[in-house]
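The values are calculated or read from the model by the stated rules, or taken from the named source; none is laboratory data. All values reported here derive from a predicted model rather than from experimental measurement. Reconstructed Cβ throughout: ideal geometry from the backbone, glycine too, with neighbour counts over all protein chains shown. Side chains included, ligands, DNA and RNA excluded: accessible areas come from the protein's heavy atoms. Shrake-Rupley method; radii C 1.70, N 1.55, O 1.52, S 1.80 Å.
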Amino acid sequence: MIADVKPYPTYKDSGVPWLGQVPEHWEVRRLKYLLRERDARSETGTEHLLSVSQYAGVTERKPSDNLEEPDTRAESLVGYKRVDPDELVVNIMLAWNGSMGVSRYAGIVSPAYCVYRFEALAEPWYFHHLLRSPVYKARIKAVSTGVVESRLRLYTDNLYRLIALLPPLPEQTAIVRFLDYMDRRIRRYIRAKQKLIKLLEEYKQAIIHQAVTGQIDVRTGKPYPAYKDSGVPWLGKVPAHWEVRRLKTLCRMRAGENITSQAIEPSGEFPVYGGNGVRGYTSEFTHEGEFILIGRQGALCGNVHMVQGRFWASEHAIIVSLYGSHDLRWFAVLLDAMNLNQYSMAAAQPGLAVERVLNLLAPVPSAEEQRLIAEYSSLTTSRIATAIAAARREIELLREYRERLIADVVTGKVDVREVAARLPEESEEPDLPEEEINSVTDESEEANETMSADEETED
């Protein structure tokens, strides 16, 4: 099918340097002729709350695990902007990174956002893909106003002045049909890879759990000769010669230090660690040596990794150091197996309950067994880690391919009219978005949305 996709027979100069050549029969118009802003407000605040993501576009915001209402810091949703299906929603503070999209849902969004309705000659979903393509994101960033990137805003007048490609309406429909068809297939491949990753992660955790809880003797691969009741429900029986101790007798845990975003640089002398690895670099350090870091907040709560050298640990991490001669690698494996995320405090932004963690009971083998368990866990999970990394890379490549394909189609680099006409009719699939396997930062996208709403209110 892709082999049948070829360039258009003839092209013309668009007259716009950043667009270059476009299909000869396509028009080039400013967006002000294709969009009109709509400012309808909610009178009750009871409509579905929607969110805008650079990855997924417009989605329904779901309630947090421990909350009955969708997660938002606003006291009331009265006055939020109403959105109808097929309307464009733009987060003006984050439009430069692609945080905009056409909505499939009726609902409401932050009053700091802009909502637009398309004119009759525009197919909304063609423009959803066009405006989120790399060439348009770059142009949107260029026309947004602000001193620094984090303060850039895309106001309506600047959006209206943006030049848009306008194929004939039937061709816009054909493009959307083709892209929907291809997107469904790519998503299926991605979800299959994500299921594989989940299974591999579960298998890896099972291997680690067996080792650190003493279900097998890593020296023989068989159970220990004698066991005793640990008195801890999640542990059950442990090897008879092992101790069961509270974590606070084994380690010290303390929060990292606050650091401003201005102090973090892309490169520098000392790394700055958050809850999920390096966030950037700085000219100062707060810790020196080898430590365990645990993610303290949000989606990274309970995440465990080891660091060494001179570094800065941010407030999003818990720094763990051991007492005595215990093996740090073994302790990291133990903490990972204990699934610390379950001990976070229930809130819209979960936080690790450190005192509760320190009072947990854990199995403690001899120093020699600690070393052997750490080596066994590393060796037996390395192949699994390699397989997981390969699957993640395949997902990245699939996403890159999808982005390139969409960009080529919506900007007229390839002609999909004939292919779209031959596509079979397909029943609607349930909306099962991919899980995001992108690099995760300590600051969530929801926090950015709230910040943009708060700052717009202040203006």
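Greater than 25 Å separation of Cα atoms is the criterion. Which listed pairs, K62/K198; K32/K62; K62/K141, meet it?
Violating the 25 Å limit, Cα to Cα: K32/K62; K62/K141.
Round to a whole number: what % of the accessible area of the chain belongs to carbon and sulfur, probe 1.4 Å?
On the way: 11750 of 23340 Å².
Looking at the chain in its full context, I get 50 percent from C and S.
Relative to the present Cα-Cα distance, how much length would full extension add between S378 and A192 at 0.36 nm per residue of separation?
64.3 nm
Projected onto the charge dipole of segment 71-160 (+1 at Lys/Arg Cβ, -1 at Asp/Glu Cβ, origin at the Cα centre), which of S110, I140, V83 gives the Cα projection farthest towards the positive end?
Going by the Cα projections, it comes out as I140.
Would you please state the base-10 log of I(q)/I(0) at q = 0.08, 0.13, 0.21 1/Å for segment 63-222, with intensities from the Debye formula using one equal scatterer on every alpha carbon?
-0.42, -0.82, -1.34
What whole-number volume per residue, in cubic angstrom, does the convex hull of the C-alpha atoms of segment 254-356 give? Please report the intermediate quantities before stating the final value.
On the way: hull volume 10.1 nm³, N = 103.
Convex hull volume per residue, Cα atoms: 99 Å³.
Report for the chain the percent antiparallel among DSSP-assigned beta bridges with both residues inside it, nearest 5. Don't jump to the answer; show the numbers that get you there.
On the way: 61 of 65 bridges.
For the chain, the DSSP antiparallel bridge percentage is about 95.
Using Cα-Cα distances under 8 Å and only pairs 6 or more residues apart, what relative contact order does the chain have, in percent?
The normalised contact order for the chain reaches 17 percent.
Treating the beta-carbon of each Lys and Arg as +1 and of each Asp and Glu as -1, no other charges, what is the dipole magnitude of segment 15-146 about its Cα centre, to the nearest 20 debye?
600
Taking every Cα atom in segment 1-62, find the radius of gyration and the maximum pairwise distance Dmax, and write them in Å.
Cα-based Rg and Dmax for segment 1-62 come out at 19.6, 54 Å.
Would you be so kind as to identify which of G289, L162, W18 lies farthest towards the positive end of the dipole of the chain, taking Lys and Arg as +1 and Asp and Glu as -1 on Cβ and the Cα centre as origin?
G289
Hey, can you grab everything whose amide H is under 5 Å from the amide H of S321? Only 5+ residues off in sequence or another chain; H modelled, so Pro and N-termini drop out.
For S321, whose amide H was placed from the backbone, the distant partners under 5 Å are R252.
Given +1 on the Cβ of Lys and Arg, -1 on the Cβ of Asp and Glu, and no further charges, what dipole in debye does the chain carry about its Cα centre, rounded to the nearest 20?
1080
Would you mind estimating how fast segment 146-290 diffuses translationally, via Stokes-Einstein at 20 °C and 1.002 mPa s with the Kirkwood radius over Cα pairs, in µm²/s?
Details: Rh = 22.9 Å.
Estimated diffusion coefficient is 93 µm²/s.
To two decimal places, what compactness ratio does the chain give when its Cα radius of gyration is scaled by 2.2 N^0.38 Å? Walk me through the numbers before you get to the answer.
Values: Rg = 26.5 Å, N = 459, 2.2 N^0.38 = 22.6 Å.
For the chain, the normalised Cα radius of gyration comes out at 1.17.
Excluding ligands, DNA and RNA, what is the solvent-accessible area per residue of the chain at a probe of 1.4 Å, expressed in Å²?
Using a 1.4 Å probe on heavy atoms only, each residue of the chain averages 51 Å².
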